[in-house]
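K.L.:
The following block contains the structure, expressed as structure tokens.
The values are calculated or read from the model by the stated rules, or taken from the named source; none is laboratory data. Here the structure is a predicted model, which means the values were calculated and not measured. Please note: Cβ atoms are built from the backbone with ideal geometry, for glycine as well, and neighbour counts cover all protein chains shown.
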């Protein structure tokens, strides 16, 4: 199979978050073959894409260790590649059939916008777990300020870890083994840390850690920033209808720009969309 490397949530090669993307015309490979190919690629996720007869796209996502139901940056990467190949075009609306359900994808102004799963806040960490979490990152116990860590799901469950400022975000020093054990016990993918600012149109800066899934740190995470948008909306920090910009990946030398938008639907949980650009690099033949 031919697997392309796409840098997602950026328009600069070797920035953003790289994903492997392979496109098929007849059928997807077997699960074991996809898992092995993803492990050889070594990226946080590799997307395997099949165009269906009705014009929709079946996408399966694999980390180096297992399948996940949805991946925002790999979806941006997949549709950036499809746009580059001429399979989709500017202004087109598409349907992606993924493990988390069917999601809408729009190509607008060179950005790939995708729907997140219906967001839900799962739980707030109890004080003991919150203290343990901060200790795992070598952070002071007052690092969160007035906010509290909580688990939120917009396709994948993550712990939102709010921090008072960017200095604390930069100083994080994770204990990956302890974080893996906590993630497994709480049933989450990992931790998405956030600090407000830095201005210039950016709502905040983020870092994401998911060692339980073989991802020590990730440069851009669409689902996590979708979850963060809902977390901040519930706390009055984000307004409906506005486009929000989150910066991620600076600590890894791969700065990423992730756009989000929250729109009330009048029926409970709002609709959250995540957008970004992608840069297609060379394809490789995986045997």
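K.L.:
Could you check how many residues of the range 121-134 are without any contact (Cβ under 8 Å) to a residue 24 or more places away in the chain and more than 24 Å from the chain's Cα centre (by Cα)?
P.N.:
4
K.L.:
Out of 169, 114, I need the residue that is within 16 Å of residue 216 (Cα to Cα) and surrounded by 20 or more Cβ atoms within 10 Å (Cβ to Cβ). Which one?
P.N.:
Details: 114 fails: within 16 Å of residue 216 (Cα to Cα).
None of the other options fit; the residue is 169.
K.L.:
Answer with yes or no whether residue 174 is farther than 30 Å from residue 88 by Cβ, surrounded by 15 or more Cβ atoms within 10 Å (Cβ to Cβ) and modelled with pLDDT of 95 or more.
P.N.:
On the way: farther than 30 Å from residue 88 by Cβ: yes; surrounded by 15 or more Cβ atoms within 10 Å (Cβ to Cβ): yes; modelled with pLDDT of 95 or more: yes.
Considered against the rule, which asks whether it is farther than 30 Å from residue 88 by Cβ, surrounded by 15 or more Cβ atoms within 10 Å (Cβ to Cβ) and modelled with pLDDT of 95 or more, residue 174 comes out as yes.
K.L.:
Okay, moving on. Go over the candidates 74, 38 one by one and state the one that is surrounded by 13 or more Cβ atoms within 10 Å (Cβ to Cβ), in contact with a strand residue (DSSP E or B) (Cβ under 9 Å, 6 or more places away or on another chain) and farther than 27 Å from residue 118 by Cα.
P.N.:
On the way: 74 fails: farther than 27 Å from residue 118 by Cα.
Exactly one residue qualifies, and that residue is 38.
K.L.:
Across the range 56-82, what is the total count of residues that are more than 15 Å from the chain's Cα centre (by Cα) and modelled with pLDDT under 95?
P.N.:
Of the residues in that region, 3 qualify.
K.L.:
Give 80, 93 a once-over and let me know the one that is out of contact with any helix residue (DSSP H, G or I) (no Cβ under 6 Å at 6 or more places or on another chain) and surrounded by 22 or more Cβ atoms within 10 Å (Cβ to Cβ).
P.N.:
From the options 80, 93, the qualifying one is 80.
Residue-by-condition table, conditions (1) in a helix (DSSP H, G or I); (2) touching a helix residue (DSSP H, G or I) at 6+ places or on another chain (Cβ under 7 Å); (3) free of Cβ contacts under 8 Å to residues at least 40 places away in the same chain:
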{"site": "147", "(1), (2), (3)": "no, no, no"}
{"site": "155", "(1), (2), (3)": "no, yes, no"}
{"site": "170", "(1), (2), (3)": "yes, yes, no"}
{"site": "173", "(1), (2), (3)": "no, no, yes"}
{"site": "185", "(1), (2), (3)": "yes, no, yes"}
{"site": "191", "(1), (2), (3)": "no, yes, no"}
{"site": "205", "(1), (2), (3)": "no, yes, no"}
{"site": "208", "(1), (2), (3)": "no, yes, no"}
{"site": "224", "(1), (2), (3)": "yes, no, no"}
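K.L.:
Now a separate question. Looking only at the range 210-222, which residues are touching a residue at least 40 places away in the same chain (Cβ under 8 Å) and not in a strand (DSSP E or B)?
P.N.:
213, 214, 219, 220, 221, 222
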